[in-house]
1. Looking only at the stretch 50-72, which residues are assigned to a helix (DSSP H, G or I) and either farther than 11 Å from LEU18 by Cα or among the aromatic types (Phe, Trp, Tyr) (or both)?
2. Evaluate the stretch 13-25: report whether one residue or more is modelled with pLDDT under 95, under 14 Å from the mean Cα position of the chain (by Cα) and at positive phi.
3. Can you pull out the residues in the stretch 53-66 that are over 16 Å from TYR6 (Cα atoms) and either out of contact with any strand residue (DSSP E or B) (no Cβ under 9 Å at 6 or more places or on another chain) or among the small types (Gly, Ala, Ser) (or both)?
Amino acid sequence: MQCYVYKSPRRADTYVYLRERDGFSVLPAPLLESLGTPVFVLEFELTPQRQLARASAAVVLEDLTQRGFHLQLPPPPDLTLAASEADD
């Protein structure tokens with residue numbers, strides 16, 4: 001499946017994967033509003049075997065098939081690192 005990735009100009013490390021280029025109509029209005037105007041960053045062929053940095057290709061494919069989009073949020077903060085910094 002062809003996949004189109006956009007980044008949010010308002011939310012750091014937040015990306016939206018779409019199955020159609022500029023197919024923003026599948027996004028819920030509140031989500032699109034919170035993201036700002038998405039900026040195109042990448043197009044690629046997504047297969048179940050493809051390695052992705054922060055998500056399972058199978059999960060992204062399922063989201064694209066069922067909802068038309070996949071939302072990738074930033075990873076949660078490393079709580080052990082934050083706790084050790086607080087102790088300093």
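The values are calculated or read from the model by the stated rules, or taken from the named source; none is laboratory data. Because the structure is predicted, anything quoted here is derived from the model rather than measured. Note: ideal-geometry Cβ built from the backbone for every residue, glycine included; neighbour counts use all protein chains shown.
1. ALA57, ALA58, VAL59, GLU62, GLN66
2. Taking every residue of the stretch 13-25 in turn, at least one turns out to be modelled with pLDDT under 95, under 14 Å from the mean Cα position of the chain (by Cα) and at positive phi.
3. SER56, ALA57, ALA58, THR65, GLN66
The rows are residues; the columns are (1) part of a loop (DSSP other than H, G, I, E, B); (2) without any contact (Cβ under 8 Å) to a residue 24 or more places away in the chain; (3) more than 17 Å from MET1 (Cα to Cα).
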| residue | (1), (2), (3) |
| --- | --- |
| VAL16 | no, no, no |
| ARG21 | yes, yes, no |
| LEU31 | no, no, yes |
| SER34 | no, no, yes |
| THR37 | yes, no, yes |
| PHE44 | no, no, no |
